[in-house]
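What follows is a short report on a single structure.
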Amino acid sequence: MIQVNIIFHSVSGHTYRMAEALGEGVRDISGCQGRLLRIPEPAGLEPITMPGLERRHHDFSHIPEAKIENLVDCDGLAIGSPVYWGNMSYATKYFLDSAAKLWALPSEDKSVRAPKLSGKPATVFTGGGSGQVNDPAILGLWTVFGSFGMTIVTVGLGVPEISDPSRVDGGSALGAGTFSRRPGKHPSEVEIAIARAQGRALGEVTRAWTKRV
Ligand SMILES: Cc1cc2nc3c(=O)[nH]c(=O)nc-3n(C[C@H](O)[C@H](O)[C@H](O)COP(=O)(O)O)c2cc1C
């Protein structure tokens with residue numbers, strides 16, 4: 001099976017619901033398995049949230065905790081983060097900074113210093129509130145992927161929900177997202193559909209890439 005890890009941070013559960021939808025999209029691609037893993041709160045820190053969103057809207061305590069090795073033990077990767085001041089959340093940043101440890105892992109090829117991330121397909125999705133400055137959070141995560149030499153997968157304008165000029169939901173051509181503080185239920189059906197499409201895109205690219213290695 002082709003293994004895709006969907007690693008997310010979430011406090012009130014909206015990014016978790018997006019991770020679920022993205023996982024469904026990955027599993028739509030034959031031969032692909034999507035595994036959800038949650039980024040733990042950094043030790044000693046209280047979860048940070050917004051007034052009104054303290055409540056855990058969707059429970060995800062049953063999802064196993066992500067370890068930094070889970071960046072390596074997969075063929076494709078999705079990272080989901082709540083948007084905090086236009087950036088990835090504190091826990092997502094702490095988790096990815098911990099990837100420094102991967103450089104100490106024993107490598108099969110001693111001439112290569114970096115862990116096995118180079119070329120691996122990777123994509124980003126978000127959970128925002130009002131929807132302000134959500135794409136920069138994706139760009140910030142792409143900088144990390146770029147440092148690791150990963151292949152960035154996007155949603156793209158080919159997904160009909162993205163190109164619909166009348167829509168007010170989260171998500172862009174760069175990655176799926178939800179606007180949890182906007183009126184109505186979130187993630188909305190449209191936000192879920194975009195996350196599924198992103199999962200399918202990641203699954204397809206991962207399957208093609210895996211055949212080459
Ligand atoms: C410190 C902080 C900063 C935030 N900044 C933004 C922001 O820049 N843009 C936005 O759309 N939402 C922002 N939010 C709202 C969160 O992104 C929103 O609550 C989101 O649903 C959290 O995801 P979760 O439900 O998975 O925990 C912020 C929340 C906090 C606590």
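So which residues in the stretch 177-187 are away from the ligand (no atom under 13 Å from the Cβ) and in contact with a strand residue (DSSP E or B) (Cβ under 6 Å, 6 or more places away or on another chain)?
Across the stretch 177-187, there are no qualifying residues.
Does the stretch 119-138 hold any residues that are over 12 Å from Ser81 (Cβ atoms), surrounded by fewer than 24 Cβ atoms within 10 Å (Cβ to Cβ) and more than 8 Å from the ligand (Cβ to nearest atom), and which are they?
Result: Gly119, Lys120, Asp135.
Take Tyr90 and tell me if it is more than 25 Å from Val205 (Cα to Cα), under 18 Å from the mean Cα position of the chain (by Cα) and within 13 Å of the ligand (Cβ to nearest atom).
On the way: more than 25 Å from Val205 (Cα to Cα): yes; under 18 Å from the mean Cα position of the chain (by Cα): yes; within 13 Å of the ligand (Cβ to nearest atom): yes.
So Tyr90 fits the description; yes.
Count, please, the residues in the stretch 141-153 that happen to be surrounded by 18 or more Cβ atoms within 10 Å (Cβ to Cβ), of a type outside the set (Phe, Trp, Tyr) and either touching a Gly at 6+ places or on another chain (Cβ under 9 Å) or under 11 Å from Thr123 (Cα atoms) (or both).
3
Of all residues in the stretch 52-71, count the ones that are in a loop (DSSP other than H, G, I, E, B) and either surrounded by 15 or more Cβ atoms within 10 Å (Cβ to Cβ) or at pLDDT below 95 (or both).
Of the residues in the stretch 52-71, 13 are in a loop (DSSP other than H, G, I, E, B) and either surrounded by 15 or more Cβ atoms within 10 Å (Cβ to Cβ) or at pLDDT below 95 (or both).
Among the candidates Phe179, Phe148, which residue alone is aromatic (Phe, Trp, Tyr) and under 29 Å from Arg55 (Cβ atoms)?
Phe179
Given the options Lys116, Lys110, Lys101, name the one that is at pLDDT below 95 and either assigned to a helix (DSSP H, G or I) or closer than 19 Å to Ile39 by Cβ (or both).
Details: Lys116 fails: either assigned to a helix (DSSP H, G or I) or closer than 19 Å to Ile39 by Cβ (or both); Lys110 fails: either assigned to a helix (DSSP H, G or I) or closer than 19 Å to Ile39 by Cβ (or both).
Checking each option against the conditions leaves just Lys101.
The values are calculated or read from the model by the stated rules, or taken from the named source; none is laboratory data. This structure is a prediction, so every number in the text was calculated from the model and none was measured. As a convention, Cβ positions derive from the backbone with ideal geometry for all residues, glycine included, and neighbour counts pool all protein chains shown.
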